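Here the structure is laid out as structure tokens; the discussion comes afterwards.
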Amino acid sequence: MKNEMLKEIRVEDAVGYTLAHDLTKIVPGEFKGRAFKKGHVIREEDIPELLNIGKEHIYVIDWKEGYLHENDAAIRLAKAIAGKNVEMNDPYEGKVTLTSSIYGLAKIDEELVHQINHVQDVALATIVNHKIVQPGSKLAGTRVLPLIVEEKWVEKVEQLVKGKAVIQVKEFIPFKVGLVTTGSEVYKGRIKDRFRPIIQRKLEAFGSTLIEQRFAPDDIDLIQREINDFVEKKVDLILVSGGMSVDPDDRSPFAIRELASEVVTQGTPMLPGSMLMIAYIGTIPVLGLPGGVLHDPYTAFDAVLPRILVGEKVTKEEIIRLGYGGYFGC
Ligand SMILES: Nc1nc2c(c(=O)[nH]1)N[C@H]1C(S)=C(S)[C@@H](COP(=O)(O)OP(=O)(O)OC[C@H]3O[C@@H](n4cnc5c(N)ncnc54)[C@H](O)[C@@H]3O)O[C@H]1N2
Ligand code: MOO
């Protein structure tokens, strides 16, 4: 049903009228964008182009109390939704785009996004939660669906999100990290350690530093001695590589478990990375690294590390949910 506030005027009769909204042109494979901007005053020479993009009429709006233009509604929605380190652009074709102002971890409240999209005439599309984003990375776009919208729907969103962060980007905290490399084959020099360069590169990408690497054979006491040393040094994160699976020489999980004040998980459903262990000694996270880190670019370790480096604690429930969509092959 057409809104009674919208008056149609034939394009040929529209010279001197102001456009009420952006007009879009699409030429498949060549162009998609704004051909005319809201506020443009129509001139005689615009008429052929307006007809070419399929506009035989334009709208003039006869405003009533309690309604908003799509641009104003999109700005209000974006302001309500944008949290820390999120910027918004000017409306374009009725849509406001939210971008990150920093390099960090995108946090999207999925449940709130669903609630917002339940509100009549409101549309919010976001990236998935926990993506690593760069300055300028697009996070979301929002608009209302009609050209003029009842203000009450925008107010409903504003109330829904009050005091909550729908979309924000968290900064990575520079962690000082200790690495305990276990495995008698490495300790005795039979093979060269390959974990260090991989770990170093992954940490540095987030602004953290591997401050020291210690080596231990497959011996619980000796592994624990090195872990304890890092605890005393007050590192921010301890990583333990090697010996995480089922062989009799795989001692790392026992060594970590005995020292831990909390074990969040020993194992994940994600592949690769099923042998990842997450524990805490006091406030210091201790990760037992799956062997897959040595040969796969993305494992459960890569899913969890950015969370820890923004200062978050990953829950067992989140670990369980890594299985869905978490088959990367190995
Ligand atoms: N029968 C089963 N086999 C395997 C299982 C399982 O559950 N049942 N799990 C698989 C998974 S998943 C992983 S991951 C791997 C290896 O797990 P580990 O963490 O126990 O690794 P290791 O046994 O200590 O070593 C495996 C392999 O990697 C070499 N390695 C170890 N550390 C280093 C290092 N610092 N630098 C270079 N190379 C290293 C080591 O010499 C072995 O060759 O187990 C699967 N199998
Ligand atoms: O824990 Mo493993 O990394 O799946 O090969």
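The values are calculated or read from the model by the stated rules, or taken from the named source; none is laboratory data. Remember, predicted model here, so these are calculated numbers, not experimental data. Here the Cβ is made from the backbone with ideal geometry for all residues, glycine too, and neighbour counts use every protein chain on show. The accessibility values were calculated without ligands, DNA or RNA, using every heavy atom of the protein model including side chains. Shrake-Rupley method; radii C 1.70, N 1.55, O 1.52, S 1.80 Å.
Could you compute how fast segment 67-170 diffuses translationally, taking Rh as the Kirkwood radius over C-alpha pairs and applying Stokes-Einstein at 10 °C with viscosity 1.306 mPa s? Give it in µm² per second.
Estimated via Stokes-Einstein, D reaches 119 µm²/s.
If I model a spin label as a point 7 Å beyond the Cα along the Cα-Cβ vector, how far apart are those points for K37 and K192 in nm?
Distance between the two pseudo-spin positions: 5.9 nm.
Let me know the longest stretch in the chain that avoids all trypsin sites (Lys or Arg not before Pro) found in a DSSP loop with at most 14 other C-beta atoms within 10 Å.
Here the longest run is 235-312.
Given a 1.4 angstrom probe, what's the average accessible area per residue across segment 176-321, in square angstrom?
46 Å²
Considering only DSSP states other than H, G, I, E and B, which chymotrypsin sites (Phe, Trp or Tyr not before Pro) in segment 109-199 qualify as loop sites with at most 10 other Cβ atoms within 10 Å?
Passing sites in segment 109-199 do not exist.
Looking at the chain as a GNM with Cα springs under 10 Å, which of P146, P253, P306 has the largest mean-square fluctuation?
The residue with the greatest mean-square fluctuation here is P146.
From the phi of every residue in segment 128-139, what ³J(HN,Hα) in whole Hz does the Karplus formula 6.51 cos²θ - 1.76 cosθ + 1.60 yield, where θ is phi - 60° and glycine or proline is x?
Calculated HN-Hα couplings, in order: 6, 5, 6, 8, 7, 10, 9, x, x, 4, 6, 10 Hz.
Hey, which of these cross-link pairs are over 21 Å Cα-Cα: K37/K156; K7/K55; K234/K313; K79/K313; K7/K37?
Beyond 21 Å: K37/K156; K79/K313.
Roll a 1.4 angstrom probe over the protein heavy atoms and tell me the percent of accessible area of the chain that is carbon or sulfur.
Taking all protein chains in place, the chain shows 50 percent carbon and sulfur surface.
How big is the C-alpha Rg of segment 176-321 next to the rule-of-thumb value 2.2 N^0.38 Å, as a ratio?
0.94
For segment 2-61, take the alpha-carbon Rg, divide it by the Kirkwood Rh, and send me Rg/Rh.
0.97
Over all distinct Cα pairs, what is the inverse of the mean 1/r for the chain, reported as the Kirkwood hydrodynamic radius in Å?
When all Cα pairs of the chain are included, the Kirkwood radius is 23.5 Å.
Give the residue list of GluC sites (Glu not before Pro) in segment 292-330 that are DSSP loop and have at most 16 other beta-carbon atoms within 10 angstrom.
Hits after loop and neighbour filter: E312.
Take the chain, connect every pair of alpha-carbon atoms lying under 10 Å apart with a spring to form a Gaussian network, then pick out the residue of I278, I53, I308 with the largest mean-square fluctuation.
I53
Which of G83, G292, G163 moves most in a GNM of the chain, Cα contacts under 10 Å?
Highest fluctuation among the options: G163.
Just to confirm a number: summing +1 for Lys and Arg and -1 for Asp and Glu over residues other than L139 whose beta-carbon lies under 13 angstrom from that of L139, what do you get?
After counting each charged neighbour, the total is +3.
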